Every structure is written in C-alpha cells, then in structure tokens.
Amino acid sequence: MEEKTLQIYFTSDLHAFIYPTDYRSAEERELGLFKCANRFQKDGNTLIIDGGDVLQGSPLGAFCHDSQEDAGSFAQIMNCCGYDYVTLGNHDFNYGMAYLDSYLDALEARCVCQNALRSDGTVRFPSRVHVLENGLRVGVVGIVTDHVNVWERPEHLTGLTITDPIPAARAALEALRGQADLTVCVYHGGFERDLATGRILSASSENIAYRLCQELDFDILLTGHQHMCIPGQSLFGTFAVQAPDSGRAFISLKALVADGHIVCNSQAIPAGGDCDPILLDRFGNLEQGAQTWLDTVVGRLDRPLLPAPPLIMAAEGSDIADFFNEVQMSCSGAQLAATSLANEIAGFPQTVRRRDVLTAYPYTNTLTVLRVTGSVLRRAMERSAEYFAVDEEGRLCVADAFLKPKVEHYNYDYFSGVNYAFDISRPEGQRVVELTYQGETVKDEDEFTICLNSYRASGAGGYPEYTQCQVVREINIEMSDLILDFFKNTPEVSLKTHRWFSVYTSPGIGAL
C-alpha cells in the first residue's frame, strides 16, 4: 500500500470565544477561534474537527442566545473556518434542543455523537467514513460524557437520550471494521488517570478516556472537556491528544498510513497571528452588537468587589462569593446558600455593566433549594475543606486533587448563613471544627434549607450527599439573570460585610 497521509486540525471547548477577546477589556488576546483558524491549511487530505462546547461560555454566547432566535451565527462561523466534523459537548445542551438544533441544521460539518439516541433508540448522529482525496478511508466516531444526564435540565434533552459512551463507541468501532483504514474517536471527555503513571485521579465516570484507550483500539483519540493541553502521546496503541479551551491553542496532527501501519505525530499550536480580516468583517456586526449589549449599566455597588488569587479567597473569604450567596438567599428564601467561583474569576466595579455580571458568573446554572440536615451540611463542608493542604514548609496550599488532572477551584464552596471554621492540621473528614447557626452549635439532626446551583445540587464536584436530600424548590432561571434581576430590584446595592468562616493550619493560628 502506498503511503497516505491525513492532516487533522482539532479544537475543543471553544465556549463561544471566537474573536480575540476575553470580553473583560478592549485589549486583543491570543485566544479565540479566529486566532486558530488563521493557521489551518486545508486540502483534500485534511479534516478540521471540533470536540464540542461551542455555543456557551463567553458573553458572546450569552448575547447570541438572549438576542437572537437561533444559533445559526455560530454555524456560519464554523462553516467559514472549514470544519468537517463536530461532536457535542455537555454545555452545547445548556440552552435546550431547539437552540442546539438551530446550530446543527445550519452547520455544514457532520455531527457525530454515537451515544446520543433518539426516543426510538436509533443513533441520531452516527459515525461516518470519510474518504480523503488520496483514497484513505477515515472512520470518524463521536461520543460525549454521559454526565450530561447528571448536569443538564431534563427538558433540555427532550427527544434525546445520552447513554454510556464506551458501549456506544465499541459498537461503532466494530461496525467500521473493514470499512476504514484509520479510525478516529472524538470524545467530549477527558482522562481519569495520570497519563505518566496510570494513577487513578477520579473514580467518577465523567471522564473515561484512559479506559477508551485500554479497552478499544481506535487509532486516534481526540479529547476535550478538561481544558488541558495534551499535545499527543501513545496510550495502549491509541494516539491521544487534548486541545485546551477558549481557542487558546489547537492540535495539529498528522497521520502516515502505509502497509497497515499508522504513525502519528502532533503538536499544540498556540493561538496567534493576525485574524482573517474577511472573517472579522463578516461577523463584525455580531461582535459589535455583543459589545454594545455588554456595556449596558445594570446597577451600582457601594464598593467594588475585587478578586484575589484562588487560595487567598478560599482561605480568607471572598466578597464576590458572599454577594452571589446573598443573591441566592434573596431570590430563594433559603436559610443558607453555597456557591463557588470560576477558575479565573472577575470581580465587579462599583458601576456594574452586563459585561461584569457575565464574566463574573459565566455558567448557565439555575438554582435548587434543598432541605439538608446538619450532618449533610458538615459532610459538604468537609469536601470543601479538602481543597487545602500544607506544603513541606508548612504553608497553606491548594491540594493536588483540585489541580490535577484538571484545575478545579470551582469545586470549592463558600457557605453563607452559618458560621464555620476549618482546621487544616486535622485529617480530611475531620476538619470542620466549628459550625453554628444564629449562635447555636449545629447538631447532626438539625434541618435547614440551602440554595445551591444546579451543578452542585446534582452532587457534581464531589458532593454526593446532596443527591439524597429533599428538593424544596427549583428556580429555573439562570444565575446570571437572577443577578441582573437583583440589580433591577436594587439598583444601588449596599454590600454586607459579615465574614462567615475561618481557616486554620493549627488550632488558633490563622492560615495566611
């Protein structure tokens, strides 16, 4: 067999970052799809593939959803950048199936997602065999993490069932036997083990890429979801990569096929260079509309809410988290609230614009009020206390479990409505040393209502105790909209200054 090559350009987790901006300032950033697509060099032996999470995550995504009837603009952008295949990410379902379908209907690329089934059990987005100009037959299979079922509101999955990805991928791979010279799996999910040592990093089934390589023999595995950069390595005979988020870089992968042997090499190419002026101009009205929409003043605070490094905020408290909790308790009537902050947190200036709200709270979470016991509350707090560790020099630091394989500052929760303290010198599971409500020590059998975001109420992030609690109320309005409503009802906000908790590295000694 003569040598044949396949060139793949792979992006994932763009999260609606298209233009070279982070929407926090007017400064041009080295990120966004247009800073990647300017490097794509496409011919008949090239496939451009995306690993999902296109529609949600940036203020541009929120603007398109709120101000337009459909997601066709994102499809046109992907079309102009030459995409051939996409799979679905968990956040692509955040705005519901009608919005997602408006994207897919206008998309020229094929969607492949083998574990997304119609109500009759058939695969809605089946695998494809793509024949290159050189005659190479490439089998392309897509799958998405089945934790979509945990995180997403059921009404957003109407007419669709997301199943276990491994059996779905296995069946698709078997069907491709003899039909393809090379197989590619596009998985919106990441790795549950350390790629260097094989050490288990997560017992959850959210990420199963390591198992995919162990149990199936795809030639190439393209992964995402974890927002990590894995330029490329062989794992159990499968060549695996992962693209980072927000168009910060893309993967360029070349496969050489000859006499039944496949040799792959790849690299991560950082976003950079000049964007295509034709693309900038074509979608300029969309971007300018978003910028104008974002600059609308929505309210004022009596002082700015300033971010700090995640460890500092976690150990000393965060006015930003306290404000989110104040909004949650105000709109829910719950006695308590808990919230987390994004990995890269933006604060609020005194004059608040819509831009500030959407960059400070970028998720589409809704809210849930649960009835919890003091025992459940303590267990949840113990999970948050696991965020802290002490380094060799006795200084407080972030535990590896919240940094590897994926940075997860967003799985540390800030609680309001109760006073509590952590002692990090104690073993995990025994670190909550103070817990009082209105001056009284909280007993295991005490009951409270607590307002959480929908992600946390599902038990995600290591909080399974919440899944057994009674649901008192669901507030099916996105948190960012609730913050905007809060400003609408209280245009001039006087912030509370109560500090709810303390963190110690030994009894009576402050951590920082």
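The values are calculated or read from the model by the stated rules, or taken from the named source; none is laboratory data. Everything numeric here is computed off the predicted structure, so don't read it as measured data. Heads up, the Cβs are rebuilt from the backbone with ideal geometry, glycines too, and the neighbour counts pull from every protein chain shown.
Residues of the range 450-471 that are under 14 Å from Thr366 (Cβ atoms), of a type in the set (A, V, I, L, M) and either without any contact (Cβ under 8 Å) to a residue 24 or more places away in the chain or surrounded by 14 or more Cβ atoms within 10 Å (Cβ to Cβ) (or both): Leu452, Ala457, Ala460. Residues in the range 166-195 that are within 23 Å of the chain's Cα centre (by Cα) and surrounded by fewer than 21 Cβ atoms within 10 Å (Cβ to Cβ): 5 in all. With respect to the stated conditions, Ile143 is modelled with pLDDT of 95 or more, in the same structural domain as Gln226 (by TED's automatic domain parsing), under 20 Å from the mean Cα position of the chain (by Cα) and not in a loop (DSSP other than H, G, I, E, B).
Any idea which of Ala75, Ala109, Ala62, Ala37 is modelled with pLDDT under 95 and within 24 Å of Ala290 (Cβ to Cβ)? Talk me through it step by step, then tell me what you get.
Details: Ala75 fails: modelled with pLDDT under 95; Ala109 fails: modelled with pLDDT under 95; Ala37 fails: modelled with pLDDT under 95.
Among Ala75, Ala109, Ala62, Ala37, only Ala62 is modelled with pLDDT under 95 and within 24 Å of Ala290 (Cβ to Cβ).
Taking the criterion of being at pLDDT 95 or above and assigned to a helix (DSSP H, G or I), would at least one residue in the range 363-375 satisfy it? Yes: one or more hits.
Across the range 60-83, the number of residues qualifying as of a type in the set (Phe, Trp, Tyr) and either assigned to a helix (DSSP H, G or I) or not assigned by TED's automatic domain parsing to the domain that holds Gly247 (or both) comes to 2.
Checked against the criteria, Tyr95 counts as crowded, with 19+ Cβ neighbours inside 10 Å, in contact (Cβ under 8 Å) with a residue 12 or more places away in the chain and either in contact with a Lys or Arg (Cβ under 7 Å, 6 or more places away or on another chain) or in a loop (DSSP other than H, G, I, E, B) (or both).
Restricted to the range 473-483, and to residues there that are in contact with a helix residue (DSSP H, G or I) (Cβ under 7 Å, 6 or more places away or on another chain) and buried (at least 19 other Cβ atoms within 10 Å of the Cβ), the residue that is nearest to Arg300 (Cα to Cα) is Ile483. Cβ-Cβ contacts under 9 Å between residues 6 or more apart (or on different chains), taken from a first residue in the range 189-202 that is assigned by TED's automatic domain parsing to the domain that holds Ala169 to a second residue that is surrounded by fewer than 13 Cβ atoms within 10 Å (Cβ to Cβ) and part of a loop (DSSP other than H, G, I, E, B), are listed as Glu192/Ala203; Arg193/Arg199.
Go through Arg29, Arg24, Arg118 for me and flag whichever is surrounded by fewer than 22 Cβ atoms within 10 Å (Cβ to Cβ) and either in contact with a strand residue (DSSP E or B) (Cβ under 6 Å, 6 or more places away or on another chain) or closer than 30 Å to Leu182 by Cα (or both).
Working: Arg29 fails: either in contact with a strand residue (DSSP E or B) (Cβ under 6 Å, 6 or more places away or on another chain) or closer than 30 Å to Leu182 by Cα (or both); Arg24 fails: either in contact with a strand residue (DSSP E or B) (Cβ under 6 Å, 6 or more places away or on another chain) or closer than 30 Å to Leu182 by Cα (or both).
Selected residue: Arg118, the only one of Arg29, Arg24, Arg118 that is surrounded by fewer than 22 Cβ atoms within 10 Å (Cβ to Cβ) and either in contact with a strand residue (DSSP E or B) (Cβ under 6 Å, 6 or more places away or on another chain) or closer than 30 Å to Leu182 by Cα (or both).
Looking at Gly52, Gly57, just one residue is touching a strand residue (DSSP E or B) at 6+ places or on another chain (Cβ under 7 Å), in a loop (DSSP other than H, G, I, E, B) and buried (at least 17 other Cβ atoms within 10 Å of the Cβ), and that residue is Gly52.
When restricted to residues that are touching a strand residue (DSSP E or B) at 6+ places or on another chain (Cβ under 6 Å) and in a helix (DSSP H, G or I), the range 383-402 contains 1.
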